[in-house]
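Participant: Okay, handing you the structure first.
The values are calculated or read from the model by the stated rules, or taken from the named source; none is laboratory data. As the structure is a computational prediction, the values presented were derived from the model and not from experiment. Positions of Cβ are backbone-derived with ideal geometry, glycine not excepted, and every protein chain shown enters the neighbour counts. The accessibility values were calculated without ligands, DNA or RNA, using every heavy atom of the protein model including side chains. Shrake-Rupley method; radii C 1.70, N 1.55, O 1.52, S 1.80 Å.
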Amino acid sequence: MKLQIDPKYDAFREEVRAWLKEALPADMAARTLQCYHTTIEDRRAWSKILAAKGWAGPAWPKQYGGPGWDEWQVMIFEEECYLAGTPMVDEAGFKLCAPVIWTFGTDEQKQRWLPPLLAGDQYWGQGFSEPNAGSDLASLSTRAVRDGDEYVINGTKIWTTDVHYADLIFCLVKTDPEAKQRGISFVIVDAKAPGVTIRPIIDIGEGHSLNEVFLDNVRIPADWLIGEENKGWGYGKLLLDNERAYSAEIPRNKRTLARLKKLAHETGMIEDEGFALRVAEAEADLSALEFMTLRAMAEKAGGTNFPVGSILKIRGSELLQKLGGLQVEALGPYGAVVYPHGATNDMPPGPAIGHGVLADFMYRRAVTIYGGSNEIQRTIIAKSYLEL
Amino acid sequence: MDFALDEMQTMIKDSVARWAEKEYDFETRRKLAVGNGFSEEHWRTFAEMGWLGAGLSEEDGGLGGGAEESAILAEEFGKVLLLEPYLPVAVLATQCLLGTGHAGARELVQAIAAGETRVVLAHEEVKAMGVLSHVSTSAGSDGSINGVKTLVIGAPFASKLIVSARTSGEARDQSGIALYLVAIDAPGVERKDYRLADGTRASEISFRGAKGELIAADGFAALDRGYAHALVNLAAEGVGAMERAMWITRDYIKTRKQFGRTLNEFQVLQHRMADMLTELEMTRSALYRALGQLDTDPAKRRLNLAALKVQLGKSARFVGAQAIQLHGGIGVTEEYSIGHYFKRLTFIDSVYGSGAQHLKILAKAIQAGN
Ligand SMILES: Cc1cc2nc3c(=O)[nH]c(=O)nc-3n(C[C@H](O)[C@H](O)[C@H](O)COP(=O)(O)OP(=O)(O)OC[C@H]3O[C@@H](n4cnc5c(N)ncnc54)[C@H](O)[C@@H]3O)c2cc1C
């Protein structure tokens, strides 16, 4: 065992930080740090800046246009991006769908979808969940039926984040209704195709990122199915496994903690001993979680042999909610004030740094629900490792 | 001691419940919440039914009840997440006015109970941090008021304000706080209205040389009384909101199916709901305790109320959060009811001095040898 951190990572962090200082427009950073859902304009603009630098797909292999970083560099990059206030990028496309395409797709499929994604020209949505298939995703019922060299798709997807901005949706669909997990395929759907209807769902932070997607006789070319028919469940699992080491959302937690401290200093709440103790406790949690994340990344080098992804997900999401609650509290009498999304010059009173706090706090109730709820994660830990 | 409701209490409870069921379903409330957050028609009903004076003696224009009656009403209002400022007007301002002992204030209480006027208390300041005696707004010898009050809940619907202003001493002294009645549209009063997460409305109000009528030269005791009553009613509202949120969740998990069975079959969710009920009943117990001792000496009352607020905040946050959690995705949507219970319950922890600030009051008393 040798637990010292290689100094090359500090140098890398400096490099990223220096670049961000130059490349990230100040007004864009200010908007992001308010913590409302990112606007599509900011996303587009930032994706283009990243693409020009060659850093759009930090975790992508070199051969598909990635910078060739190791996992920890990827996390350092994300941390610095979060702290600096870069807009959210197309996570569904970059982190979830792209690895499936380059692992299981044909050369033609890779060529069709990876370059436009990397260039920031196309946006993706993730269409897995359905009204009756949430935690029990394998019970999904959207059907894809082969018709000549096309598939015809019918069904309803829900909670589809940002699909109202998307050009493409990657979906799990049933191609063999008799088999359960084995009858599922991984397909790409054109979000603008005839038969696709998108209904916005407003979240309790009064923001719009969620949607319900109705697929009514939507046709896709047969070669928009990735890999083999009826094998999509395995691809979907791979996609979720890929994200495992990142599931504590360390970069987001770090940014939220940094913002909490700033806020509490600005409002004077930090003078309150009891409050400061709770912030300190959260910070201690975060430092342990950060190291657990490193262990997860070193899984193959003996870092972990336990269900680390589930533990990271549980504690990372709970921490995020705790930090959000502390931010609301730090705002004192302004904690419950609704500040409308997007900049207006007629905002209710209260410090500007607090404008997006409530909306974010509300929306983040979801972090213990999505990505495999915390109840489901605990069951995984109990069953897979403790053999209960 | 008797925990059963008497005839009049039962009548109050039933009549509010009936009204709420008919007039205050979730969709109606939702429209009101994104509209102006207030209905004159509802307020008229509250006055006609005697609800605005539920906790008042008959000579003060009430039904002859006390704090218990008011709390019973507040609990029912809590179940439907009432938007109208019942608590700020009919409890906080009303009890504060009564606490002044001023003749004109007493007449005003009757007018409030009759629904003829609405008065709210403008006391909270940004730097107060839960300290009730914090007043940096000042009043000169000519009675002109200068300063800023924040989070004045219900102010957009009020015609008069009770304003606390300092005539002597330091910002947190209990003595030297005077209370004035100021017309909402008086010269030198500037109001910025806004919406709170739970759909209620509040204002930040600045006073620049505004003139008011003095109703208490030394007003801390009246403020203390007002907030004591407001806090127990807030807890009652919280109990109502928690209870309704709990049953909504119970019904939901009994119908929602995943993995081939309804969610209520999963033991972890059963236990979670058992914890929700436990939290609810802990708060209800603390509420009853505080209600029964509302008229004891103020120092003792303060500690009872602090214990209540600590429990209330903890329970409200737990029940609200778990109610959403057990719903899954649908719980975080505006179009479904449970998220709105979460908002109200979160806000209940932060208003009138947060749970954390009240915990400090308790801790200080223990350090002082209590
Ligand atoms: C903000 C947000 C964004 C999302 N984005 C996307 C997206 O982009 N694409 C997409 O496909 N999906 C997305 N989702 C969907 C998300 O993955 C689901 O919400 C999640 O899988 C839970 O499903 P559900 O909401 O149907 O809840 P349910 O599965 O109905 O669960 C309700 C409750 O029951 C519990 N429960 C369920 N089963 C069990 C069990 N066996 N044992 C114990 N407890 C159990 C759950 O933990 C939860 O508390 C998003 C969801 C949210 C809230």
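Participant: Once a ≥ b ≥ c are taken as the square roots of the eigenvalues of the Cα gyration tensor of region B:1-149, is the result rounded (a/c under 1.5), prolate (a/b larger than b/c) or oblate (a/b not larger than b/c)?
Facilitator: Here region B:1-149 falls in the prolate category.
Participant: Got a sec? Which residues of region A:316-340 lose 40 Å² or more of accessible surface with every protein chain in place, vs. that chain alone, 1.4 Å probe?
Facilitator: Residues meeting the cut-off: A:333, A:334, A:336, A:338.
Participant: Determine the shape class of region B:192-290: with a ≥ b ≥ c the square roots of the Cα gyration tensor eigenvalues, call it rounded for a/c under 1.5, and otherwise prolate if a/b is greater than b/c, oblate otherwise.
Facilitator: In terms of gyration-tensor shape, oblate.
Participant: What is region B:70-130's relative contact order, in percent, from Cα pairs under 8 angstrom and six or more apart in sequence?
Facilitator: Computed over region B:70-130, the figure is 32 percent.
Participant: Next up: Considering only DSSP states other than H, G, I, E and B, which GluC sites (Glu not before Pro) in region B:112-189 qualify as loop sites with at most 15 other Cβ atoms within 10 Å?
Facilitator: B:116, B:170
Participant: Per residue of B:322-334, count partner chain C-beta atoms within 10 Å of its C-beta, then hand back the mean as an integer.
Facilitator: 6
Participant: What nm distance separates the two modelled labels at residue A:70 and residue A:223, each placed 7 Å from Cα along Cα→Cβ?
Facilitator: Here the modelled spin labels are 3.9 nm apart.
Participant: Using only the alpha-carbon atoms, how far is helix B:298-327 inclined from the longest principal axis of chain B? Give it as 0 to 90 degrees, nearest 10.
Facilitator: 40
Participant: Please compute the per residue accessible area over chain A with all protein chains in place, 1.4 Å probe, rounded to a whole number of Å².
Facilitator: 43
Participant: Another question, then. If you fit an axis through the alpha-carbon atoms of helix A:40-53 and take the longest principal axis of the Cα set of chain A, what angle between them do you get, 0 to 90°, nearest 10?
Facilitator: For A:40-53 against chain A, the angle is about 90 degrees.
Participant: Can I ask one more? Starting with the highest mean, order B:95-104, B:258-267, B:275-284 by the number of other Cβ atoms within 10 Å, averaged over the residues of each peptide.
Facilitator: Ranked by mean Cβ neighbours within 10 Å, highest first: B:95-104, B:275-284, B:258-267.
Participant: Just subtract the alpha-carbon distance of residue B:36 and residue B:1 from 0.36 nm times their residue separation and send over the number in nm, one decimal.
Facilitator: Taking 0.36 nm per residue and subtracting the Cα distance, the gain is 8.3 nm.
Participant: Same structure again: Could you work out how far helix B:103-113 tilts from the main Cα principal axis of chain B, as a 0 to 90 degree angle to the nearest 10?
Facilitator: 30
Participant: Oh, and also: Could you tell me the calculated FRET efficiency between residue B:127 and residue B:295, based on Cβ-Cβ distance and R0 = 30 angstrom, to the nearest 0.05?
Facilitator: With R0 = 30 Å, the Cβ-Cβ based efficiency is 0.45.
Participant: Do you know the Lys pair count in region A:247-386 for C-alpha distances under 21 Å, with sequence separation 8 or more or different chains?
Facilitator: 8
Participant: Measure off 7 Å from each Cα along the Cα-to-Cβ vector at residue B:370 and residue A:111, then give the distance between these two points in nanometres to one decimal.
Facilitator: So the two model labels end up 7.7 nm from each other.
Participant: Determine the gain in length on full extension of the stretch residue A:141-residue A:179; use 0.36 nm per residue of separation and subtract their C-alpha separation, reporting nm with one decimal.
Facilitator: Here the segment from residue A:141 to residue A:179 would lengthen by 12.5 nm.
Participant: Using the basic label-point model (7 angstrom from Cα toward the beta carbon), what is the residue B:141 to residue B:111 distance in nanometres?
Facilitator: According to this spin-label approximation, the distance is 3.1 nm.
Participant: Further, regarding this structure: Along its three principal axes, how long is the protein assembly as shown when you only count alpha carbons? Whole Å, largest extent first please.
Facilitator: Taking the Cα atoms of the protein assembly as shown, the three principal extents are 88, 55, 48 Å.
Participant: Now for a different question. Longest exposed-loop-site-free stretch of chain A, with trypsin sites (Lys or Arg not before Pro), DSSP loop and at most 14 other Cβ within 10 Å?
Facilitator: The segment A:193-388 is the longest one with no such site.
Participant: Okay, next question. On the Cα set of chain B, report Rg and Dmax in Å, please.
Facilitator: 20.6, 75
Participant: Sum -39500 (n - 2.57) across every DSSP H segment of at least 4 residues in chain B, then divide by the residue count to get the 222 nm mean residue ellipticity, nearest 500.
Facilitator: Using -39500 (n - 2.57) per qualifying helix, the result is -16500 deg cm²/dmol.
Participant: While we're here: Please work out the average accessible area per residue across chain B, using the 1.4 Å probe convention, and give it in Å².
Facilitator: The answer is 40 Å² per residue.
Participant: If the cut-off is 22 Å between C-alpha atoms, which lysines fall inside it for residue B:160, apart from same-chain ones fewer than 8 positions away?
Facilitator: Output for residue B:160: B:149, B:192, B:211.
Participant: How high is the FRET efficiency between residue B:265 and residue A:150 when r is their beta carbon distance and R₀ equals 45 Å, given to the nearest 0.05?
Facilitator: The value I calculate is 0.65.
Participant: What does the charge dipole of the protein assembly as shown about its Cα centre add up to, to the nearest 20 debye, if the Cβ of each Lys and Arg holds +1 and the Cβ of each Asp and Glu holds -1?
Facilitator: Taking the Cα centre of the protein assembly as shown as origin, the dipole is about 1300 debye.
Participant: Calculate, in nm to one decimal, what residue A:243 and residue A:258 gain on full extension: separation in residues at 0.36 nm each, minus their alpha carbon distance.
Facilitator: So the chain would gain 3.0 nm between residue A:243 and residue A:258.
Participant: Longer than 27 Å from Cα to Cα, which of A:237/B:257; A:110/B:257; B:13/B:257 are they? Say none if no pair is.
Facilitator: A:110/B:257; B:13/B:257
Participant: Can you list the residues, at least 5 places off or on another chain, whose amide H is less than 5 Å from the amide H of residue B:117, using H built in the peptide plane?
Facilitator: So residue B:117 has HN proximity to B:112.
Participant: Another question, if that's okay. Using r as the Cβ-Cβ distance of residue A:4 and residue A:284, and R0 as 22 Å, what FRET efficiency do you calculate, to the nearest 0.05?
Facilitator: The computed FRET efficiency comes out at 0.55.
Participant: Let me ask something else about it. Percent relative contact order of region B:7-113, based on C-alpha pairs within less than 8 angstrom and at least six residues apart?
Facilitator: That works out to 29 percent.
Participant: In debye, nearest 20: dipole of region B:119-218 around its Cα centre with unit charges on the Cβ of K, R (+) and D, E (-)?
Facilitator: Here the size comes out at about 200 debye.
Participant: Also, I was wondering about something else. Using only Cα atoms, what is the ratio of the radius of gyration of region A:247-386 to 2.2 N^0.38 Å?
Facilitator: Compactness ratio reported: 1.19.
Participant: Using only DSSP helix segments of four residues or longer, with each worth -39500 (n - 2.57), what per-residue ellipticity at 222 nm results for chain A after dividing by its residue count and rounding to 500?
Facilitator: Taken over chain A, the calculation gives -13500 deg cm²/dmol.
Participant: Relative contact order, percent, of region A:309-377 when contacts are C-alpha pairs under 8 Å separated by at least 6 residues?
Facilitator: The value is 45 percent.
Participant: Once neighbouring chains are kept in place and the probe is 1.4 Å, which whole percent of the accessible area of the protein assembly as shown is contributed by carbon and sulfur?
Facilitator: Here carbon and sulfur together make up 52 percent of the probe-accessible area.
Participant: For region B:119-218, what class follows from the C-alpha gyration tensor (a ≥ b ≥ c being the square roots of its eigenvalues): rounded when a/c is under 1.5, otherwise prolate if a/b is larger than b/c, else oblate?
Facilitator: In terms of gyration-tensor shape, oblate.
Participant: If you don't mind, another one. Nearest 100 Å² is fine: how much accessible area is buried between A and B, summed over both sides, with a 1.4 Å probe?
Facilitator: 3200
Participant: What number does region A:231-277 give for Rg over Rh if you use C-alpha atoms and the Kirkwood radius?
Facilitator: 1.38
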